[in-house]
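Colleague: Quick one: this structure, given as structure tokens, is what I'll be asking you about.
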Amino acid sequence: MSLIKIVRRLSLCSNKGIVLSTATSNSTMGKRFFGKKRRKKDKVQVPLKAVLKKFYLKTHPDLFMNHPDEKEVNEQSLQHLQGLLDELKDSTEYYPPASHISLDFYLRVSGEEDFKHATLDIRTSGGECKQLVKKNLSHFFDSVGLPSEFEWGSDFWQTPLLTDVLREEQMQAAAERKET
């Protein structure tokens, strides 16, 4: 739009008492009014290991040497969290049992003496609960300022494929036939 047209519109609008916004043509406001939807940027999903590493750097018990109570809480909670994650890694033949775990953590923030308290609530359903656990972890990571969008690594939730199970059953059946 030329400068002359803009000035004319401004003078017409100012005469009528209408206030115009100062939005530029490439702003989201202009796109919203002309019916063009702005495309959401794809959220980048980082590996869970990378998010956990950042989390450990904020909660490691060695960071709380001057605060023995917080250090003890973090030691216990990190052990429970690691146990749950190990269980999820080793769950090739079964799913984790149904449970609800609340883990308290103290996180180091900007200053040396500053820390923040946060609670991680994890539920498992006793069945295929990958999305449920991911939702719980994402909510917690978001609340403590870590990336909430992550992807499970290849070492998590390795349940055997149906074809693998069927192949194993066929091999066992063939071995039993040979024995008889």
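Colleague: Go through segment 63-81 and give me each residue that's at pLDDT below 90 and loosely packed, with under 14 Cβ neighbours inside 10 Å.
Modeller: Passing the criteria: MET65, ASN66.
Colleague: Looking at LYS130, LYS135, which is the one that is open to solvent by 30 Å² or more (accessible area, probe 1.4 Å) and modelled with pLDDT of 90 or more?
Modeller: Of LYS130, LYS135, the one residue that is open to solvent by 30 Å² or more (accessible area, probe 1.4 Å) and modelled with pLDDT of 90 or more is LYS135.
Colleague: If the requirement is being over 22 Å from the mean Cα position of the chain (by Cα), assigned to a helix (DSSP H, G or I) and modelled with pLDDT under 85, which of these qualifies: SER14, SER21, SER25?
Modeller: SER14
Colleague: Would you mention how many residues in segment 84-94 are farther than 19 Å from PRO47 by Cα and either modelled with pLDDT of 80 or more or in contact with a Cys (Cβ under 7 Å, 6 or more places away or on another chain) (or both)?
Modeller: 0
Colleague: Please state which of the following conditions VAL165 fails to meet, knowing it meets all the rest: (1) modelled with pLDDT of 80 or more; (2) exposed (fewer than 14 other Cβ atoms within 10 Å of the Cβ); (3) among the β-branched types (Val, Ile, Thr).
Modeller: (1)
The values are calculated or read from the model by the stated rules, or taken from the named source; none is laboratory data. Every value quoted in this text rests on a predicted model; they were computed, and no experiment measured them. Reconstructed Cβ throughout: ideal geometry from the backbone, glycine too, with neighbour counts over all protein chains shown. For the accessible areas, the whole protein counts, side chains as well, though only heavy atoms, and no ligand, DNA or RNA atoms are used. Shrake-Rupley method; radii C 1.70, N 1.55, O 1.52, S 1.80 Å.
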